[in-house]
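The values are calculated or read from the model by the stated rules, or taken from the named source; none is laboratory data. As the structure is a computational prediction, the values presented were derived from the model and not from experiment. FYI the Cβ positions are ideal-geometry reconstructions off the backbone, even for glycines, and counts take in every protein chain you see.
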Amino acid sequence: MPSDSTAAPDLAVNTRPLPGAWLVVGLLWVVGCLNYLDRVMLNTMRDSIKAAIPMGDDDFGALTMVFLVVYGILSPVGGWMADRFNRSRVILTSLAVWSVVTWATAYVHTYEQLLSTRILMGVSEACYIPASLALIADYHRGSTRSLATGIHMTGIYAGMALGGMGGWMADNYGWNSSFMVFGGFGVAYAVLVGILLRDVPATPRVAGEAAVSHEHPVEILGALLRNRRLWVLALHWSLLGFAGWAFMTWMPTFLQEKFSLTQGKAGFTATAYEKVMSLCGVLVGGALADRWSRTSARGRVLVPGIALTLASPFVFMTAHAGVLWLVIVGLIVFGFARGCSDSNMMPILCQVVEPRHRATGYGLLNFLSCLVGGIAAYLGGWMKENKVDLTLLLMGSAAGVLIAGVLLMAVRPARRE
């Protein structure tokens, strides 16, 4: 990649995590789990939702699309808030609000009400990921950054995997039971987060960095948009967003119809195997990237780039395999490779943008990824409604995974950390 005029000079790497760094990761692990559990469990109870609230398949796909569009548009705003204000308070407010919205979802009776709760979910969850990853990066300053991010990401993948419980609970206790249980738990956990979670106590947050950015949002956005490396990361993340949300939204339906599975088994198969291996991927990928980064500034981009490139044929296999176990193998390999990318995205971003723009930069990536992911979710619904084989959507996802891996390996970081 050519050099950027906006790139910051190389920074000395302070490799020691700050006191309380691992407590922060532990607290946020549960929050990350709830963040994804609350948003994805709806996708595993399609039949129950449609029986209770009449809608077409395109309407069902629109529920995810609307969430992702709202979530994506507001992610840069949430990132700016995390850069401008107290990150731990932004996280706490986000958790409390989306948990109340999750609980309230259990009591909707019409499609319009359900759509409204998805919009509110997008608004309330938009602040969390940029703020949490930036806070972890504040506490973990080098040799543990990818691993710490990876451990946090295991919470997110645990939430995705547990999302499969939505179908099981819908089959056995009613579609609204999971919203009551997990929404109530989130409200209670917000109290603990409010007591224990704090921003980095030292000022400035990171050596040489102002504690709070007072730049105008337009100036921040302009600096980010001029960064060519960031645009490559954005395209990479958007392609993974397309694949990830296509699989998350429509793989349960694809498996249910192709292999005549029950709603509960299809939801479990579509999420559990992939997300369990994602847990492994974020840990292994994070540890490998931390180790490789000690000898090469490109270590953090090469680990996920290689993993995704090698995984792409297996993603193609999920679309065409005639037996269920081969589909599961494809989901396992994709999950591992995606985990390698997830654990390294914020650490890579720390090598590409100014420290004071980390959360805003991640919010911008989230915006583009969710916009493309929302299109994938809606496209699957449109294909179902118009009798188009979902195999085409999965094949497009596989192509995106291949391109995403190749793009990432082309990134040359502007600095070590």
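For (1) outside any helix (DSSP H, G or I); (2) over 24 Å from LEU408 (Cα atoms); (3) modelled with pLDDT of 90 or more, each residue gets a yes or a no:
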residue	(1), (2), (3)
GLY264	no, yes, no
GLY267	no, yes, no
ARG291	no, no, no
LEU302	no, no, yes
VAL315	no, no, yes
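How many of the residues in the stretch 378-417 are in a loop (DSSP other than H, G, I, E, B), in contact (Cβ under 8 Å) with a residue 40 or more places away in the chain and acidic (Asp, Glu)? Talk me through it step by step, then tell me what you get.
Step one: filter the stretch 378-417 for residues in a loop (DSSP other than H, G, I, E, B), giving 386-390, 410-417.
Retained after the next criterion (residues that are in contact (Cβ under 8 Å) with a residue 40 or more places away in the chain): 390, 410-417.
Remaining after also requiring acidic (Asp, Glu): 417.
Looking only at that region, the number is 1.
Against the conditions (1) modelled with pLDDT of 90 or more; (2) outside any helix (DSSP H, G or I), where does ILE195 fall short? Just the number, please.
With respect to (1) modelled with pLDDT of 90 or more; (2) outside any helix (DSSP H, G or I), ILE195 is out only on (2).
Criterion first (in contact with a Pro (Cβ under 7 Å, 6 or more places away or on another chain) and farther than 19 Å from LEU147 by Cα) does GLY363 satisfy it? Working first, answer last.
Values: in contact with a Pro (Cβ under 7 Å, 6 or more places away or on another chain): yes; farther than 19 Å from LEU147 by Cα: yes.
Against the criterion (in contact with a Pro (Cβ under 7 Å, 6 or more places away or on another chain) and farther than 19 Å from LEU147 by Cα), GLY363 qualifies.
Which pairs turn up if I take residues in the stretch 265-287 that are on the phi < 0 side of the Ramachandran plot and aromatic (Phe, Trp, Tyr) and look for partners that are modelled with pLDDT of 85 or more and part of a helix (DSSP H, G or I) with beta carbon separation below 6 Å, at least 6 apart in sequence or on another chain?
So the pair list comes out as TYR273/ILE328; TYR273/LEU331; TYR273/ILE332.
Can you pull out the residues in the stretch 113-162 that are within 13 Å of the chain's Cα centre (by Cα) and outside any helix (DSSP H, G or I)?
ALA126, CYS127 - these are the residues of the stretch 113-162 that are within 13 Å of the chain's Cα centre (by Cα) and outside any helix (DSSP H, G or I).
Of all the residues that make up the stretch 164-182, how many are in a helix (DSSP H, G or I), over 14 Å from VAL108 (Cα atoms) and of a type in the set (Gly, Ala, Ser)?
Let us first name the residues in the stretch 164-182 that are in a helix (DSSP H, G or I), namely 165-173, 177-182.
Applying the additional criterion that residues be over 14 Å from VAL108 (Cα atoms) yields 165-173, 181-182.
Within this subset, residues satisfying the condition of being of a type in the set (Gly, Ala, Ser) are 166-167, 170.
The total comes to 3.
Does ARG145 satisfy the criteria of being modelled with pLDDT under 85 and not small (Gly, Ala, Ser)?
Working: modelled with pLDDT under 85: yes; not small (Gly, Ala, Ser): yes.
Judged against the criteria, ARG145 is a match.
What about ILE375, is it part of a helix (DSSP H, G or I), in contact (Cβ under 8 Å) with a residue 60 or more places away in the chain, aliphatic (A, V, I, L, M) and closer than 26 Å to GLY61 by Cα?
Details: part of a helix (DSSP H, G or I): yes; in contact (Cβ under 8 Å) with a residue 60 or more places away in the chain: yes; aliphatic (A, V, I, L, M): yes; closer than 26 Å to GLY61 by Cα: yes.
Yes: the conditions hold for ILE375.
How many residues, within the stretch 272-308, are hydroxyl-bearing (Ser, Thr, Tyr) and either farther than 29 Å from GLU257 by Cα or in contact with a Pro (Cβ under 7 Å, 6 or more places away or on another chain) (or both)?
If we filter the stretch 272-308 for residues that are hydroxyl-bearing (Ser, Thr, Tyr), which is where we start, we get 273, 278, 293, 295-296.
Now narrow it down to the ones that are either farther than 29 Å from GLU257 by Cα or in contact with a Pro (Cβ under 7 Å, 6 or more places away or on another chain) (or both): 293, 295-296.
Residues in the stretch 272-308 being hydroxyl-bearing (Ser, Thr, Tyr) and either farther than 29 Å from GLU257 by Cα or in contact with a Pro (Cβ under 7 Å, 6 or more places away or on another chain) (or both): 3 in total.
Could you check how many residues of the stretch 330-357 are part of a helix (DSSP H, G or I), modelled with pLDDT under 85 and over 16 Å from the mean Cα position of the chain (by Cα)?
So the count comes out to 4.
Where residues in the stretch 43-94 are polar (S, T, N, Q) and modelled with pLDDT of 85 or more, which of them is farthest from the chain's Cα centre (by Cα)? Step through it out loud before you land on a result.
If we filter the stretch 43-94 for residues that are polar (S, T, N, Q), which is where we start, we get 43-44, 48, 64, 75, 86, 88, 93-94.
Right, trim to modelled with pLDDT of 85 or more and you get 75, 86, 88, 93-94.
On the way: SER75: 12, ASN86: 22, SER88: 19, THR93: 19, SER94: 15 Å.
Looking at the filtered set, the residue picked out is ASN86.
What are the residues in the stretch 321-355 that are free of Cβ contacts under 8 Å to residues at least 40 places away in the same chain and either at positive phi or of a type in the set (Phe, Trp, Tyr) (or both), if any?
So the first thing to find is which residues in the stretch 321-355 are free of Cβ contacts under 8 Å to residues at least 40 places away in the same chain, and the list is 321-323, 325-326, 329-330.
Hit for the stretch 321-355 is TRP325, nothing else.
What number of residues within the stretch 214-262 are within 30 Å of ARG46 (Cβ to Cβ), outside any loop (DSSP other than H, G, I, E, B) and either acidic (Asp, Glu) or free of Cβ contacts under 8 Å to residues at least 24 places away in the same chain (or both)?
Count: 3.
Please list, ordered by first then second residue, the pairs with beta carbon atoms under 9 Å, 6 or more apart or interchain, first in the stretch 46-68 and farther than 22 Å from TYR36 by Cβ, second hydroxyl-bearing (Ser, Thr, Tyr) and surrounded by fewer than 19 Cβ atoms within 10 Å (Cβ to Cβ).
ILE53/THR110; ILE53/TYR111; PRO54/TYR111; MET55/TYR111; ASP59/TYR111
Between residues in the stretch 8-31 that are farther than 14 Å from LEU196 by Cα and at pLDDT 90 or above and residues that are part of a loop (DSSP other than H, G, I, E, B) and charged (D, E, K, R), which pairs lie under 9 Å by C-beta distance while being six or more apart or on different chains?
Short answer, once both residue conditions are applied: none.
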